Amino acid sequence: MKFKSLFSTLLITATLAGCSSTKTFVDGLDNDKPSYGELYLRGSFTWWEADDAYKVVQFEENIYRVVVELVADGQPYDFKFADKAWSEGLSCGYKNKDSDEYLKLNKTVSANCNTPVDNFVFVPKESGKYIFQIDFSGWSAPKVSVFKM
């Protein structure tokens, strides 16, 4: 009888220990999430610096934006989203050169946030304020868009 009681106690303890380690593992994943709020829009218009005027702000959960005044002079604006240190996982350029490098107004392209190169290109058709957005929702690659205000 003591054996059954001891066995039952060990089984319950092992089950509870397994549940608590799973929770710790899942909690650990949340702590490893990059700090997307530390990104800047960096490009030819900022001399590639992390300028506070170009720091992203959270628009919705996992969606970050920055508003920029652009001049439509026919010249391309090269840019990417990156933190101050160009950190791995926080240096976001295009994912696929053929389909994602050149942005068109109100269109979405895919980003790769582990690239020190691969800059996006945008050529505005008219001068004014533009919203540059990066969306980290979902499990696929982040999405980048440009909208006219």
*Of all residues in the stretch 79-98, which are touching a Leu at 6+ places or on another chain (Cβ under 9 Å) and under 12 Å from P116 (Cβ atoms)?*
K80, A82, L90, C92
*Under the condition of being without any contact (Cβ under 8 Å) to a residue 40 or more places away in the chain and either in contact with an Asp or Glu (Cβ under 7 Å, 6 or more places away or on another chain) or acidic (D, E) (or both), which residue from the stretch 84-93 is surrounded by the most Cβ atoms within 10 Å (Cβ to Cβ)?*
G93
*asked:* With the requirement that a residue be of a type outside the set (S, T, N, Q) and assigned to a loop (DSSP other than H, G, I, E, B), what does the stretch 78-95 give you?
replied: D83, K84, A85, W86, E88, G89, L90, K95
*Are there any pairs with C-beta distances below 8 angstrom linking a residue in the stretch 44-64 that is farther than 17 Å from L90 by Cβ to a residue that is in a strand (DSSP E or B) and not acidic (D, E), with the two at least 6 apart or on different chains, and if so which?*
S44/Y77; S44/F79; F45/V68; F45/L70; F45/Y77; F45/F79; F59/R65; F59/Q133
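So how many residues does the stretch 96-149 have that are in a strand (DSSP E or B), surrounded by 16 or more Cβ atoms within 10 Å (Cβ to Cβ) and either touching a Ser or Thr at 6+ places or on another chain (Cβ under 6 Å) or without any contact (Cβ under 8 Å) to a residue 40 or more places away in the chain (or both)? Full working, then the answer.
The first filter runs over the stretch 96-149 and keeps only residues in a strand (DSSP E or B), leaving 102-103, 108-112, 114, 120-122, 128-135, 143-148.
Going one step further and asking which of them are surrounded by 16 or more Cβ atoms within 10 Å (Cβ to Cβ), we end up with 103, 109, 111-112, 120, 122, 130, 132-135, 143-146.
In the following step, the residues that additionally are either touching a Ser or Thr at 6+ places or on another chain (Cβ under 6 Å) or without any contact (Cβ under 8 Å) to a residue 40 or more places away in the chain (or both) were identified as 109, 111-112, 133, 143, 145.
Qualifying residue count, the stretch 96-149: 6.
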*Of everything in the stretch 68-83 that's in contact with a strand residue (DSSP E or B) (Cβ under 9 Å, 6 or more places away or on another chain) and among the small types (G, A, S), which residue is surrounded by the fewest Cβ atoms within 10 Å (Cβ to Cβ)?*
A72
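Read-outs: derived from the displayed coordinates by stated rules, not from any lab. Predicted model, so just to flag it, every value in this text is computed and none were measured. Note: ideal-geometry Cβ built from the backbone for every residue, glycine included; neighbour counts use all protein chains shown.
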